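The values are calculated or read from the model by the stated rules, or taken from the named source; none is laboratory data. Predicted, not measured: the structure shown is a model, and the values here were computed from it. Note that each Cβ is placed from the backbone with ideal geometry, even for glycine, and that neighbours are counted across all protein chains shown.
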Amino acid sequence: MKDKITTILKEIRPEFDFTENVNFIDEGMLDSFDVVTLVTTLDKEYHISIDGLDIIPDNFSSIDSIRALLKKNGVHNES
Amino acid sequence: MMTDLKVVKHMDEIQVAIQSVKNYHKSFLTNFFPEPFKHGIWIKKNELALIMVSETYFLIYSDDGFKRLFYISSGLTELTESLDILKNKYHDEKYVADLVGKGDLLNDVCSVLLNTGFNLYSSLTRMSSTNYPALKAIDPCVDFADISEVLLVDSLFKQYFDKYTEQLPLIEELKNWIEKKQMLVYSSGKEIGGFLIFDKTSSTAYLRYWFVHPNFRDLKIGSKLINQFFIENKDVIRILFWVIETNENAIKRYRHYGFHAEELRDIVLTYNIPLNER
């Protein structure tokens, strides 16, 4: 799952290294437009619908937080 | 179904709106991308309202003599239906809608608004760079703005910028940029010959506004400001900004500095705004 998330992030913002242990939002690697794009992409890729109330910066600030959000939406396998 | 126009009191209400829309088809379209500082001010001033029309929520911001229109909709067909209803109810209002996106989806949403009676006003493209030119010496006339200059900068915005296309900043935003040392000015006595405003995080610098006063043209003030901007941001990975697509001279200049156009575009559409106001 981690690799797939990294690939998705890289497609949105190719110039950044999302394997680094930093806060993607605070560092400016993802802006509000990117977050909406990411929500739409994750919804499609994992056949889920991320709750509107979960569309907050904290949930997209690292690979781990995105993975936790996916798990909350029932994505548990390592696809 | 249509609810009454309701003043937004908290950002949570927008997230609830997104969820309500997603409940229809599990997806959503929007041109509202939250900027906590700016939108927080809109909410604090009671200037952002929300209305539900069929499967679309519209966010309406009361700007300077017109309304900025944002949508959160479950799809293109639903957006078309909702816009028709909204237009019939508030047909006298002047609206400006910014559509930000890329590719076919952006073109499709644009067609929806054009078919509803909106007119194309302008379009912008986002440019970015990860390579910066060699830095020149610092010019002593370029410095960070002082809070005492905020009203002067605000008046320059009102006099020289296009309020429909360029999303003029609020006084609170100008003060915030000054406090954060993200506004550079070229001062000549008591006059401001130009200014440059930017946002900065550790990896990205976002050039927001770059202005040279007409009385100070041909003095290379623009170059001096951008040089200082590069110096201030020499540690970032990426610099980006929006430019009006028809401004070929500016684009040529940006390319000279190593910037390239991204796929991301901002199409500005207006409704009920006469040609002589443009």
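With the structure loaded, tell me whether A:I66 is buried (at least 20 other Cβ atoms within 10 Å of the Cβ) and in contact (Cβ under 8 Å) with a residue 60 or more places away in the chain or whether it fails that test. The answer is yes for A:I66. Just the residues that are in a helix (DSSP H, G or I), at the interface with chain A (Cβ under 10 Å from one of its Cβ atoms) and aliphatic (A, V, I, L, M), please, taken from segment B:17-47. Once the filter is applied, which keeps residues that are in a helix (DSSP H, G or I), at the interface with chain A (Cβ under 10 Å from one of its Cβ atoms) and aliphatic (A, V, I, L, M), segment B:17-47 yields B:A17, B:I18, B:V21.
Against the criterion of being assigned to a helix (DSSP H, G or I), free of Cβ contacts under 8 Å to residues at least 40 places away in the same chain and surrounded by fewer than 16 Cβ atoms within 10 Å (Cβ to Cβ), A:T37 does not qualify.
In the set (1) more than 28 Å from B:E263 (Cα to Cα); (2) β-branched (V, I, T); (3) modelled with pLDDT of 95 or more, B:I85 fails one condition alone, (3).
Looking at B:L219, B:L225, B:L196, just one residue is buried (at least 22 other Cβ atoms within 10 Å of the Cβ), free of Cβ contacts under 8 Å to residues at least 40 places away in the same chain and either touching a Phe, Trp or Tyr at 6+ places or on another chain (Cβ under 7 Å) or not hydroxyl-bearing (S, T, Y) (or both), and that residue is B:L196. Answer with yes or no whether A:D26 is within 9 Å of another protein chain (Cβ to nearest Cβ), of a type in the set (D, E) and in a loop (DSSP other than H, G, I, E, B). Answer is yes for this residue. Among the candidates B:Y186, B:Y206, the residue that is touching a Cys at 6+ places or on another chain (Cβ under 7 Å) and of a type in the set (F, W, Y) is uniquely B:Y186.
Any residue in segment B:51-69 that is part of a helix (DSSP H, G or I) and within 26 Å of B:E166 (Cα to Cα)? For segment B:51-69, residues part of a helix (DSSP H, G or I) and within 26 Å of B:E166 (Cα to Cα): absent. Being of a type in the set (D, E) and either under 16 Å from B:Y271 (Cβ atoms) or within 13 Å of chain A (Cβ to nearest Cβ) (or both) is not true of B:D4. Taking A:E20, is it of a type in the set (D, E, K, R), in a loop (DSSP other than H, G, I, E, B) and either crowded, with 16+ Cβ neighbours inside 10 Å or at the interface with another protein chain (Cβ under 8 Å from one of its Cβ atoms) (or both)? No, not satisfied.
Looking across segment B:92-144 at every residue that is away from every other protein chain (no Cβ under 14 Å) and aromatic (F, W, Y), the one that is surrounded by the fewest Cβ atoms within 10 Å (Cβ to Cβ) is identified as B:F144. If a residue counts only when it is touching a strand residue (DSSP E or B) at 6+ places or on another chain (Cβ under 7 Å) and more than 30 Å from B:L225 (Cβ to Cβ), which strands (runs of 3 or more DSSP E) contained entirely in segment B:72-159 have at least 2 such residues? The strands (runs of 3 or more DSSP E) meeting that bar are B:95-101, B:119-129.
What residue, among those in segment A:38-49 that are hydroxyl-bearing (S, T, Y) and more than 9 Å from chain B (Cβ to nearest Cβ), is nearest to A:L69 (Cα to Cα)? Ranking the candidates gives A:Y46 first.
B:I14 meets the conditions (1) part of a strand (DSSP E or B); (2) at the interface with another protein chain (Cβ under 10 Å from one of its Cβ atoms) in every case but one. The failed one is (1).
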